[in-house]
Amino acid sequence: MKPLSLLLAVALGTATVVSAGPAVIECWFVEDAGGGRLSKKPSALLLRQSSESPPPRPDLDPERYLKVHDPAGTLLAAFRRYPRDAPAPRCEMSHYVPLPASAIWLSGLTPEQSCPRALDGRWLMVSMSSPVLSLSSLLRPQSEPQPEPALITMATAVLTVLTHTPTPRIRLGQDALLDLSFAYSPPTPKAATSLAPGPPPFGLEWRRQHLGKGHLMLAATPGLSGQMPAAREGAVAFAAWDDDEPLGPWTGNGTFWLPAVQPFQEGTYLATVHLPYLQGQTTLELAVQKPPKVTLTPAPLIWAAPREAPPELLCLVSHFYPSEGLEVEWELWGGPEGRFQKAEGQRWLSALSHHSDGSVSLSAHLQPPPVTTGQHGARYACRVHHPSLPALGRSAEVTLQVAGLSGPSLEDGVGLFLSAFLLLGLINVLGWAENTVRPTHHHPGEATIISGLSHCSNSPKLYTLGSCPLQSLSSEQLLSEKTKDIHLLRALEQQLSKFLFSGPLKNYQGPYRAFAYVGYKL
């Protein structure tokens, strides 16, 4: 029973997926009305296949009420995954005439100048766009509408070009991947058998339009020889058929990759798939974005006395793109009313500063009014809204402290203790260093000297320092000619200074093997 239950669940799940999306797409049929005018008439596409009769539409001309047959399944699959809560796509329909491509690099697709007879007849182009998808499809309708049970025209989807990323939002400096897929089904069996077995040759073209200028970004004709225009800005396309069935239908991939996107690369991208005498095109709107960084100074605390104004607040909004759509709000949380309110005071914005990567920065300023004791602990917040940020935006805040209303905190006490401890230790070290460097003569007692000679003496009373022993000498021996030499004393003082402020004694590696130290015992 478990396999049967699992199979039933899978079947029900599949049925749910298939039934998703709209069954009927409402369109406008656009045609030339003469005199430079266009006429728009209602029309509809019936996409979902079922054994039931199509619903009658007496409000439509039967030639504009189309039941679509999609051999490749691309058009139907796109609407199976269409979200139920997404808005209905905008749809337009118009007449289409098969023609050879005009670009020189596409001349290999149409070696003969005349259009083959298999493409004769009536053709329609359907264009749809929504936040979920953007597509165009060439339909081959039958010559006469079906009279029973409802007046409807049967049409076959021949070439469909589709993207599931119609409005990509790419972060500044990151790579852009623009999805594109297409499908082709020969319009008649005669058209399929007149060509060589397998998918036909095709051409792929990506163009960008921005601020009134158009550029060919990439062109490809897989399987055809000839000189191709060079790709711009490092663009790459994955242009290939996905299968090689002898008679079709066939699906292909034309996804476009653009590395390290910069602001000048945003705009409208036109993706066109060229077949012999047939072309399908869809559009994508690429937008470049970079969310701002928000920093508020002074932070994290600001101080003010009662009835005095706090210091000016500076909110730095840095490295964002685009510059349009930025809003800065000042908020005050807490205070006498204990809730959120718009912060009062003088406010202004600086001019934009531009950076090398195309992003911009600005600063927002707020001069708060004089504070009261009831505002102690309130928080000033700078909240930034931008198209690249979530609906709540991004904020930074500081806390207002009113002088005389708060005692020292635990952190303040710990900081004072550590400062006093370090200061006491520094005073002790300096005192020890001074007593060590300056020998004092309390009485003519015994003096101990660490010899500065290059060898170590043997003595019954030794004190070890590094690799040399410390030798005990009498005060008479200290009055030798060497110790009275002023140059030697200065050299000993210099070496002693280096010794005191270097690493541990045993790790000292100086020019001498030992240093001279003179100190009288009390």
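The values are calculated or read from the model by the stated rules, or taken from the named source; none is laboratory data. The model shown is predicted, which means the values in this text are computed figures rather than measured ones. For neighbour counting, all protein chains shown are included, and Cβ atoms are generated from backbone atoms with ideal geometry for every residue, glycine included. These area figures cover heavy atoms from the full protein model, side chains too; ligands, DNA and RNA do not enter into them. Shrake-Rupley method; radii C 1.70, N 1.55, O 1.52, S 1.80 Å.
Loop only by DSSP, 14 or fewer other Cβ within 10 Å of the Cβ. Give me the trypsin sites (Lys or Arg not before Pro) in the stretch 209-294 that pass, ordered by residue number.
Working: sites: Lys213, Arg232, Lys293; in loops: Arg232.
Sparse-neighbourhood loop trypsin sites (Lys or Arg not before Pro): Arg232.
Quick check for me: using +1 on Lys/Arg Cβ and -1 on Asp/Glu Cβ, what's the dipole size of the stretch 179-308 about its Cα centre, in debye to the nearest 20? Numbers along the way, then the final one.
Working: 8 positive and 10 negative charges, 111 e Å.
Magnitude of the dipole: close to 540 debye.
Leaving out ligands, DNA and RNA, and with a 1.4 Å probe, what % of the accessible surface on the stretch 118-235 is carbon or sulfur?
Heavy-atom surface of the stretch 118-235 belonging to carbon and sulfur, 1.4 Å probe: 54 percent.
Which trypsin sites (Lys or Arg not before Pro) in the stretch 74-174 pass both tests, a DSSP loop state and at most 16 other beta-carbon atoms within 10 Å? Kindly include the intermediate steps, with their values, before the conclusion.
Values: sites: Arg80, Arg81, Arg84, Arg90, Arg117, Arg122, Arg169, Arg171; in loops: Arg81, Arg84, Arg122.
Sites meeting the loop and neighbour criteria: Arg81, Arg84, Arg122.
With the calculation restricted to Cα positions, what are the radius of gyration and Dmax of the stretch 140-289 in angstrom?
Rg, Dmax (Cα atoms, Å): 18.1, 58.
If R0 is 51 Å, what FRET efficiency do you get for Asp61 and Arg171 from their C-beta distance, rounded to 0.05? Show your work: numbers first, answer last.
On the way: r = 48 Å, r/R0 = 0.94.
Once the sixth-power term is evaluated, E becomes 0.60.
Residue by residue through the stretch 258-263, which ³J(HN,Hα) values in whole Hz follow from phi under the Karplus form 6.51 cos²θ - 1.76 cosθ + 1.60 (θ = phi - 60°), with glycine and proline marked x?
10, x, 6, 5, 10, x
Relative to the present Cα-Cα distance, how much length would full extension add between Glu308 and Leu418 at 0.36 nm per residue of separation?
Working: separation 110, 0.36 × 110 = 39.60 nm, distance 3.31 nm.
Roughly 36.3 nm would be gained on extension.
Can you tell me the accessible area per residue over the stretch 273-346, all protein chains present, probe 1.4 angstrom, in square angstrom?
Values: 3580 Å² over 74 residues.
On a per-residue basis, the stretch 273-346 sits at 48 Å².
Under a point spin-label approximation (7 Å from Cα along Cα-to-Cβ), what is the Glu92-Gln281 distance to one decimal in nm?
With each label point 7 Å from Cα toward Cβ, the separation is 1.1 nm.
7 Å from Cα along Cα→Cβ at both Leu352 and Gln367: what's the point-to-point distance in nm?
In this crude spin-label approximation the distance works out to 2.7 nm.
Local charge sum around Leu218 (other residues, Cβ-Cβ under 13 Å, Lys/Arg +1, Asp/Glu -1)? Before the final figure, lay out the partial values.
Numbers: positive: Arg207, Arg208, Arg232; negative: Glu205, Glu233.
So the environment of Leu218 carries a net charge of +1.
Would you rank Ile104, Ile170 by solvent-accessible area, highest first, keeping every protein chain in place and using a 1.4 Å probe?
On the way: Ile104 150, Ile170 25 Å².
Largest to smallest exposure gives the sequence Ile104, Ile170.
For the stretch 260-370, what log10 I(q)/I(0) values come out of the Debye formula at q = 0.22 1/Å, with one point per alpha carbon and no solvent?
-1.21
Sort Trp330, Trp241 from largest to smallest accessible area, using a 1.4 Å probe on the heavy atoms of the protein chains.
Numbers: Trp330 5, Trp241 50 Å².
My answer, sorted largest first, is Trp241, Trp330.
Is there a pair in Lys213/Lys290; Lys41/Lys67; Lys213/Lys293 whose C-alpha atoms are over 29 Å apart, and which pairs would that be?
On the way: Lys213/Lys290 24 Å; Lys41/Lys67 17 Å; Lys213/Lys293 32 Å.
Correct reply: Lys213/Lys293.
Report the accessible area of Met125, computed with a 1.4 Å probe over the heavy atoms of all protein chains in place, in Å² rounded to the nearest 10.
For Met125, the solvent-accessible surface is approximately 50 Å².
Pairs of Cα atoms under 8 Å, at least six residues apart: use those to get the relative contact order of the stretch 18-159, whole percent.
On the way: 249 pairs, mean separation 38.2, N = 142.
Across the stretch 18-159, relative contact order equals 27 percent.
Please turn the phi angles of the stretch 368-382 into ³J(HN,Hα) values with the Karplus equation 6.51 cos²θ - 1.76 cosθ + 1.60 (θ = phi - 60°), one per residue in order, whole Hz, x for glycine and proline.
Rounded to whole hertz, the list is x, x, x, 9, 10, 5, x, 8, 4, x, 5, 10, 8, 10, 10.
Report the full-extension gain for the segment Ala299 to Cys115: residue separation times 0.36 nm, less the Cα-Cα distance, to one decimal in nm.
Numbers: separation 184, 0.36 × 184 = 66.24 nm, distance 7.37 nm.
The span from Ala299 to Cys115 would gain 58.9 nm if fully extended.
Between the stretch 49-128 and the stretch 323-376, what is the separation of their alpha carbon centroids in Å?
54 Å
Net charge near Asn253: determine it from the other residues with C-beta under 12 Å of the C-beta of Asn253, scoring Lys and Arg +1 and Asp and Glu -1. Working shown, then result.
Values: positive: none; negative: Asp179, Asp242, Asp243.
Net local charge, Asn253 excluded: -3.
Compute the semi-axes of the equivalent ellipsoid of the stretch 303-368, taking the square root of 5 times each eigenvalue of the Cα gyration tensor, and list them largest first in whole Å. Present the calculation step by step, with values, prior to reporting the outcome.
Numbers: eigenvalues 171, 37, 14 Å².
Equivalent-ellipsoid dimensions as semi-axes: 29, 14, 8 Å.
Can you send over the solvent-accessible area of Ile427, 1.4 Å probe, protein chains only, in Å² to the nearest 10?
Here the accessible area works out near 100 Å².
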